[in-house]
1. Using the structure shown, decide if Pro411 is open to solvent by 30 Å² or more (accessible area, probe 1.4 Å), within 24 Å of the chain's Cα centre (by Cα) and either among the charged types (D, E, K, R) or over 27 Å from Asp39 (Cβ atoms) (or both).
2. If you go through segment 456-482 one residue at a time, how many are farther than 20 Å from Asn81 by Cα and open to solvent by less than 80 Å² (accessible area, probe 1.4 Å)?
3. Please determine whether any residue of segment 314-335 is within 16 Å of the ligand (Cβ to nearest atom), within 21 Å of His257 (Cα to Cα), of a type outside the set (Ser, Thr, Tyr) and modelled with pLDDT of 95 or more.
4. Would you check if there is a residue in segment 309-331 being more than 30 Å from Thr374 (Cβ to Cβ) and more than 23 Å from the chain's Cα centre (by Cα)?
5. Of all residues being in contact with an Asp or Glu (Cβ under 9 Å, 6 or more places away or on another chain) and outside any loop (DSSP other than H, G, I, E, B) in segment 424-450, which is farthest from Phe290 (Cα to Cα)? Just the residue, please.
6. For residues in segment 357-387 being within 16 Å of the ligand (Cβ to nearest atom) and outside any strand (DSSP E or B), which is nearest to Asp476 (Cα to Cα)?
7. Considering only segment 68-113, how many residues are closer than 24 Å to Ile56 by Cβ and either aliphatic (A, V, I, L, M) or within 13 Å of the ligand (Cβ to nearest atom) (or both)?
8. In this structure, is Leu298 modelled with pLDDT under 95 and in a helix (DSSP H, G or I)?
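The values are calculated or read from the model by the stated rules, or taken from the named source; none is laboratory data. Model, not experiment: these values are computed from the prediction. Note that we place each Cβ from the backbone using ideal geometry, even for glycine, and neighbour counts take in every protein chain shown. These accessible areas exclude ligands, DNA and RNA; they are computed on the full protein's heavy atoms, side chains included. Shrake-Rupley method; radii C 1.70, N 1.55, O 1.52, S 1.80 Å.
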Amino acid sequence: MTKSVSRRDFLKMAALTSLSISIPPLTKSAGLLPGARGDEQNVLVIVFDALSAYHISLYGYSRKTTPNLARLAEKAVVYHNHFAAGSFTVPGTASLLTGVYPWKHRAFRFENGVAKPFLTKSIFHAFDSYYRVAYSHNPHVVRFLSQFAADLTKFIPYEQLLLTGTGLVQALFQNDDDIANISWSRTMVKDEGVSYSLFLSNLYKMYNENKVKTFKSYFPIGVPTIKGDDHYLLEEAIEWLKNEIQAMPQPFLGYFHFMPPHDPYTPHIDFFGYFENDGLKIAEKPDDRFASSRPFELMLTKRKEYDEFILYLDREFGRLFDHLESSGVLENTWVIFTSDHGEMFERGIQGHITPAFYQPLIRVPLLIFPPGGTARTDIHSPTSAVDLLPTLLHVTGQKTADWVDGVTLPPFAPSAPDPERNIYAFQAYRSDPDSTLKQATGMLVKGKYKLTYYSGYYDELGADGKLVQLFDLESDPEELNDLSSLEKDVVKNLLLELKEKYAEVNEPYL
Ligand SMILES: [Zn+2]
């Protein structure tokens, strides 16, 4: 038991364990879950952190990383050119949750939350008549969820789905609330039962160490971890979620943000070595201006581990989906599969903490599974993470959110998508959110063109600190030919539009 688990959480956990056992699994014929209100539909958003569309076989990657997703896609709307709004967790997730671009919500830096006006402008606020529940493995996302806590019916503590989090409750107390209650007081409250406390805390430490050790043989590179000793198993989180969903009042909005395939990449033994010596062909790309000179061989190894880690989440998502389908939950639930940003292993850049904005970092998967869906639809027009919130409100018949930058996604929107619509992404991880934009990377995708504008990077880019790149994503999806010196008019127009945006969002901070 970690010190941060409150007495209330402890009892809740004990109660949850017994609840999950006492509720019988639903049969397919059950249709709506108990407590469903008329024809209202649930929403279940599943985010896998740092999952790049570039590395997903469903989107054309030559390694077969997502056999389950490919199978399930036959019942989904599949978005092929979906862009995160930022290239790391903070801006990316904040945009997913608020429906606005980072320059508005101002979550720029690692320790930033969203700006004050957005505390009541989240997906949880928009679904205010729903039972709203959220969990994240990623502490940066936990910060946002804490900010939105007033709009959450149930905020699952970070510790709950760690391997070292709640196991002791289940193992020692066997669902007996009364014993759990007394034992908690004696363990956690220093004034009561000191000797008992020492005994239990030692036992707990041993239990945790052994629990992690137990799973070492299943993970050759290491048991999945978030930071330090915060180990987790995706299997355990998925089992917990299966039970949680069955016990939830309806209609519900669930947001669940899981760590894989975020680094450290720790493939399960079933997938470790799966892509070893598979002869993967990679387009050769020169080192970037923002390269951190990673040896090519190391990048190949890391890429292989990342790809094998994707197989793990693909299996677990498949397992969750199959369970929800057979238990009848999907009859009246929208399921969303997406990510907060991507990851890259090329041009001398590995990971996602970089000023660069190449496609592997910024293009993410989006699959929307409509309730009872039986057919596949493919959407190729560019779409953005900020579109998810207005789309979910639209398809569930909720009132629109008047603050969002996004639009209702095809095919759910009443009119066809504008092929020349502007899609932005933005990051400024070294900038002060309470000031005008000093150092930033901005992206504007319009039709086939992608313009990237770097500004304020004096150390990396020299005297004026600026760089503009232009790629034709249709003819050059690998971004090998920078057209900025050839297509001068296109650059001029797109850059003007992007700079107008900067001027607009700078205004309140001048
Ligand atoms: Zn992330």
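1. Working: open to solvent by 30 Å² or more (accessible area, probe 1.4 Å): yes; within 24 Å of the chain's Cα centre (by Cα): yes; either among the charged types (D, E, K, R) or over 27 Å from Asp39 (Cβ atoms) (or both): no.
Here the answer is no, as Pro411 does not meet what is asked.
2. Quick first cut of segment 456-482, residues farther than 20 Å from Asn81 by Cα only: 456-468.
Within this subset, residues satisfying the condition of being open to solvent by less than 80 Å² (accessible area, probe 1.4 Å) are 456-457, 460-462, 465, 467-468.
Number of matching residues: 8.
3. We begin by selecting, within segment 314-335, every residue within 16 Å of the ligand (Cβ to nearest atom); these are none.
No: zero hits.
4. First, pick out the residues of segment 309-331 that are more than 30 Å from Thr374 (Cβ to Cβ): 309.
Filter again for more than 23 Å from the chain's Cα centre (by Cα), leaving none.
Within segment 309-331 (the criterion being more than 30 Å from Thr374 (Cβ to Cβ) and more than 23 Å from the chain's Cα centre (by Cα)), the answer is no, since none of the residues qualifies.
5. So, considering only residues that are in contact with an Asp or Glu (Cβ under 9 Å, 6 or more places away or on another chain) and outside any loop (DSSP other than H, G, I, E, B), the one farthest from Phe290 (Cα to Cα) is Lys446.
6. Step one: of segment 357-387, the residues within 16 Å of the ligand (Cβ to nearest atom) are 357, 360-366, 385.
If we keep only those that are outside any strand (DSSP E or B) as well, we get 357, 360-362, 364-365, 385.
Numbers: Phe357: 15, Pro360: 14, Leu361: 16, Ile362: 16, Val364: 18, Pro365: 20, Ala385: 23 Å.
Residue satisfying both the conditions and the ranking: Pro360.
7. 21
8. yes
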